[in-house]
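Worksheet: the structure to be examined is printed underneath.
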Amino acid sequence: MSLAVSNLSFGYNGRMVVDQVSFDLAPGRILAILGPNGVGKTTLLKCLNAILKPRGGTVLVEDIDVLCLSRREVARRFGYVPQRLEAGRLTVFDAVLLGRTPHLGLRPSVHDVAVVERVILRLGLAPLGLRHLDRLSGGELQKVAVARALAQEPRILLFDEPTASLDLKNQMDILGTIREVVAGQNVSAVLTMHDVSAALRFADACLLMKSGRVLAHVAADALSGETIGEVYGLPVRVETVYGQRVVIPCT
Amino acid sequence: MPAASVSLRAGYLAHVSRRRLAVAGMLAALLVLGALALSVGAVRVPLGEVVSALLGRAESPRIGLIVLNIRLPQALAAVLAGFGLSAAGVVMQSVLRNPLGSPFTLGISQAAAFGAALAVIVFDAGVMGSRQADAVSIASPALVTAMAFAACLAATGVIIALARVRGATPEVMVLAGVALGSLFTAGTMFLQYFADDVQLAAMVFWSFGDLARADWDDLAVMAGCGLPILAWFASRAYAFNALDAGDETARGLGVRVGRERLLGMVAAALLTAVVVAFLGVIGFVGLICPHAARFIVGDDHRFLYPAAGLLGGCLLLAADVAARIVVSPHVLPVSVLTACLGAPAFILLLLRRRA
């Protein structure tokens with residue numbers, strides 16, 4: 001297992017937001033965390049790479065407990081792509097170079113530049129290499145953030161709602177990119193998502209949360225309409241259309 | 001290797017060289033302005049004589065005295081103060097995620113002035129003089145700097161607390177800065193109200209931001225406090241770049257966000273305190289120079305920081321030279337000139353943010 005989480009808990013002022021969550025994830029796999037708004041998906045994600053300090057539990061990456069490591073060491077194992085991205089007057093190349101921070105001495109080496117170059121080429125961002133971030137579209141900016149996380153050379157990629165605020169084509173593009181990267185680099189990825197159909201299409205496994213707890217952890221092709229309905233409190237059917245499983249709310 | 005790859009790396013390296021060249025150009029401009037600052041004034045010293053005076057071979061002892069003991073410390077103070085205020089502005093803008101941040105707009109310079117005034121008037125850390133250029137000679141630089149720093153820390157504490165409140169927009173923070181600035185200015189006025197005539201005159205001259213009062217001793221303290229902080233800032237370029245990308249991204253990149261923010265603000269406050277304690281409040285340098293530098297080299301702190309600092313030095317040197325020429329033979333305080341440049345630039349920045 002590249003990621004093994006057990007009994008992870010986090011709470012604010014006595015209220016448990018993440019409650020005894022356990023799951024594991026094999027290399028080359030994508031896990032989608034699903035659940036209603038405010039159920040603790042993002043909090044769980046941020047506990048994994050210790051952006052939030054969990055109250056208890058362990059997060060093992062290749063058998064090392066990352067909660068005992070320094071921030072810098074954690075950043076060498078987890079690449080994190082937040083939901084909100086900042087765009088300043090920084091070139092795409094420099095923005096991706098920032099991903100080398102956890103490996104960096106005082107200034108970037110030839111190797112750092114080479115890694116960044118490879119990542120940018122891989123994501124097809126080369127034509128934008130010297131453009132400033134504030135001149136990019138939302139989809140392009142999201143790709144830069146993915147590239148930055150990849151430049152960290154992590155074992156696990158974390159994405160907080162990678163498709164929020166993107167149009168349909170950009171949603172498919174970014175999920176396709178994640179799929180490709182995970183397969184190609186043999187890393188694994190954890191995504192929080194709202195679009196259950198997209199999760200069924202792109203993820204290998206789904207973790208469904210309700211009030212901070214894990215309600216179900218199943219392979220994506222085994223996820224049933226009943227389970228989805230129970231989590232969201234809404235009757236749904238899962239139908240196969242043109243070979244794709246899609247979720248249809250029945251209201 | 002595919003052609004795209006070669007051109008990508010080559011393009012980036014060319015981009016890096018261009019920014020290095022821009023910084024080198026600013027350094028050259030600083031040296032030219034520095035030479036000018038040593039030459040221009042009530043007594044015009046030709047550049048050739050400036051050089052021989054610097055080498056200790058002045059043609060007359062009077063010229064040697066003017067260049068080495070009056071103009072050189074003044075020029076170095078201009079460079080150090082300009083670099084320091086501008087660097088403090090860059091750091092504040094980054095750690096507070098606020099493009100309008102600077103020692104002056106956040107009220108931290110005014111706090112420093114109050115702390116220094118308190119030390120001078122109440123704790124007798126300075127000796128009042130009757131000449132304008134030497135209105136207050138600081139008898140205990142350590143006490144004055146320490147009190148200026150303490151007042152700066154108080155203002156900084158308010159600003160940091162405010163930055164933590166969700167929804168504190170840059171404008172709100174600047175308004176809080178205005179409030180803090182007014183409060184500390186009122187405190188300084190309170191001290192002046194109870195001062196006697198000589199003290200009052202001296203304090204008024206002293207509260208003008210002015211470079212003419214710098215001598216070698218002042219400069220030694222400023223450099224002793226300022227240079228280590230400036231060196232530390234330079235080593236944090238990547239951490240500040242990460243902070244610019246947002247707190248969560250920065251944490252995800254392994255940066256200890258809370259620690260960088262706190263240390264950055266405290267160091268910037270100390271830098272401001274040292275400059276203000278010796279030279280008075282010189283406004284807007286820390287706001288306009290970082291933005292000019294952002295426009296030229298972008299937001300990458302590896303280049304932004306030296307560029308902003310050098311521009312700060314250039315601006316104060318230029319303002320100092322202009323201050324000696326404009327109403328010659330009188331010499332204006334430089335803060336009058338920086339405000340004339342800075343206030344319109346600040347309003348322009350506000351308008352651009354609205355757009």
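Take the conditions (1) more than 13 Å from chain B (Cβ to nearest Cβ); (2) free of Cβ contacts under 8 Å to residues at least 24 places away in the same chain; (3) within 24 Å of residue A:139 (Cα to Cα); residue A:41 misses just one of them, which is (2). Got at least one residue in segment A:119-130 being among the charged types (D, E, K, R), surrounded by 18 or more Cβ atoms within 10 Å (Cβ to Cβ) and assigned to a helix (DSSP H, G or I)? Looking through segment A:119-130, none of the residues is among the charged types (D, E, K, R), surrounded by 18 or more Cβ atoms within 10 Å (Cβ to Cβ) and assigned to a helix (DSSP H, G or I). Of the helices (runs of 4 or more DSSP H) lying entirely inside segment A:149-251, the ones with 1 or more residues being without any contact (Cβ under 8 Å) to a residue 60 or more places away in the chain, surrounded by 15 or more Cβ atoms within 10 Å (Cβ to Cβ) and in contact with a strand residue (DSSP E or B) (Cβ under 6 Å, 6 or more places away or on another chain) are found at A:196-202, A:225-232. Just to be sure I understand, how many residues within segment B:291-323 are within 18 Å of residue B:268 (Cβ to Cβ) and in contact with a Ser or Thr (Cβ under 6 Å, 6 or more places away or on another chain)? Within segment B:291-323, residues that are within 18 Å of residue B:268 (Cβ to Cβ) and in contact with a Ser or Thr (Cβ under 6 Å, 6 or more places away or on another chain) number 3.
For segment A:89-103, name all the residues that are surrounded by 20 or more Cβ atoms within 10 Å (Cβ to Cβ) and assigned to a loop (DSSP other than H, G, I, E, B). Give the derivation first.
Let us first name the residues in segment A:89-103 that are surrounded by 20 or more Cβ atoms within 10 Å (Cβ to Cβ), namely A:90-102.
If the condition is that a residue be surrounded by 20 or more Cβ atoms within 10 Å (Cβ to Cβ) and assigned to a loop (DSSP other than H, G, I, E, B), then A:90 is the only one that fits.
The set of residues from segment A:122-135 being more than 8 Å from chain B (Cβ to nearest Cβ) and under 15 Å from residue B:245 (Cα atoms) comprises A:133, A:134. Give segment A:74-92 a look and list any residue that's under 19 Å from residue A:119 (Cα atoms), of a type in the set (Val, Ile, Thr) and at the interface with chain B (Cβ under 7 Å from one of its Cβ atoms), or say none. Correct list: A:91 only. May I ask you to verify whether residue A:62 is more than 7 Å from chain B (Cβ to nearest Cβ), more than 15 Å from residue A:150 (Cβ to Cβ), touching a residue at least 60 places away in the same chain (Cβ under 8 Å) and surrounded by fewer than 20 Cβ atoms within 10 Å (Cβ to Cβ)? So residue A:62 fits the description; yes.
Among the residues of segment A:19-38 satisfying the criterion of being in a loop (DSSP other than H, G, I, E, B) and at positive phi, which is nearest to the other protein chains (Cβ to nearest Cβ)?
The qualifying residue nearest to the other protein chains (Cβ to nearest Cβ) is A:38.
When segment A:104-117 is filtered for residues that are surrounded by 18 or more Cβ atoms within 10 Å (Cβ to Cβ) and more than 9 Å from chain B (Cβ to nearest Cβ), the ones remaining, listed by number, are A:112, A:115. When residue A:53 is tested against (1) closer than 26 Å to residue B:245 by Cα; (2) surrounded by 19 or more Cβ atoms within 10 Å (Cβ to Cβ); (3) more than 8 Å from chain B (Cβ to nearest Cβ); (4) basic (Lys, Arg), only condition (2) is not met. Of all residue pairs spaced 6 or more apart or on separate chains, those with beta-carbon atoms under 6 Å, a first member in segment A:67-80 that is touching a residue at least 12 places away in the same chain (Cβ under 8 Å) and assigned to a strand (DSSP E or B) and a second member that is surrounded by 18 or more Cβ atoms within 10 Å (Cβ to Cβ) and among the polar types (S, T, N, Q) are A:78/A:49; A:79/A:152; A:80/A:49.
Give the residue that is farthest from residue A:86 (Cα to Cα), with candidates limited to residues of segment A:142-158 that are within 11 Å of chain B (Cβ to nearest Cβ) and touching a helix residue (DSSP H, G or I) at 6+ places or on another chain (Cβ under 7 Å).
Checked segment A:142-158; the qualifying residue farthest from residue A:86 (Cα to Cα) is A:154.
Determine, yes or no, whether residue A:70 is surrounded by fewer than 21 Cβ atoms within 10 Å (Cβ to Cβ), over 20 Å from residue A:189 (Cα atoms) and either under 19 Å from the mean Cα position of the chain (by Cα) or more than 9 Å from chain B (Cβ to nearest Cβ) (or both). Criteria not met by residue A:70.
If only residues of segment B:233-287 that are charged (D, E, K, R) and more than 7 Å from chain A (Cβ to nearest Cβ) are counted, the one that is nearest to residue B:344 (Cα to Cα) is B:261.
Give segment A:56-66 a look and list any residue that's of a type outside the set (S, T, N, Q) and either in contact with a Gly (Cβ under 6 Å, 6 or more places away or on another chain) or closer than 16 Å to residue A:2 by Cβ (or both), or say none. Of everything in segment A:56-66, those that are of a type outside the set (S, T, N, Q) and either in contact with a Gly (Cβ under 6 Å, 6 or more places away or on another chain) or closer than 16 Å to residue A:2 by Cβ (or both) turn out to be A:59, A:60, A:61, A:62, A:63, A:64, A:65, A:66.
In segment B:54-69, which residues are free of Cβ contacts under 8 Å to residues at least 40 places away in the same chain and either hydrophobic (A, V, I, L, M, F, W, C) or closer than 18 Å to residue B:223 by Cβ (or both)? Before you say what the answer is, go through the steps one by one.
Let us first name the residues in segment B:54-69 that are free of Cβ contacts under 8 Å to residues at least 40 places away in the same chain, namely B:54-68.
Result: B:54, B:55, B:58, B:63, B:65, B:66, B:67, B:68.
Would you say residue A:99 is modelled with pLDDT of 90 or more, of a type outside the set (Asp, Glu) and out of contact with any strand residue (DSSP E or B) (no Cβ under 6 Å at 6 or more places or on another chain)?
The answer is yes for residue A:99.
Within segment A:117-136, residues that are of a type in the set (A, V, I, L, M) sit with their Cβ atoms under 7 Å from residues that are part of a loop (DSSP other than H, G, I, E, B), at 6+ positions apart or across chains, in these pairs: A:120/A:129; A:128/A:136; A:133/A:87; A:133/A:88; A:133/A:90; A:136/A:87.
Being more than 7 Å from chain B (Cβ to nearest Cβ), touching a residue at least 40 places away in the same chain (Cβ under 8 Å) and in contact with a helix residue (DSSP H, G or I) (Cβ under 7 Å, 6 or more places away or on another chain) is the requirement here; does residue A:97 meet it?
The answer is yes for residue A:97.
Looking across B:321, B:331, B:276, one residue alone is touching a Lys or Arg at 6+ places or on another chain (Cβ under 7 Å), crowded, with 19+ Cβ neighbours inside 10 Å and closer than 25 Å to residue B:218 by Cα. It is B:331.
The values are calculated or read from the model by the stated rules, or taken from the named source; none is laboratory data. On a predicted model such as this, the values are computed, not experimentally measured, just so you know. With ideal geometry, Cβ positions are generated from the backbone for all residues, glycine too; neighbour counts draw on all protein chains shown.
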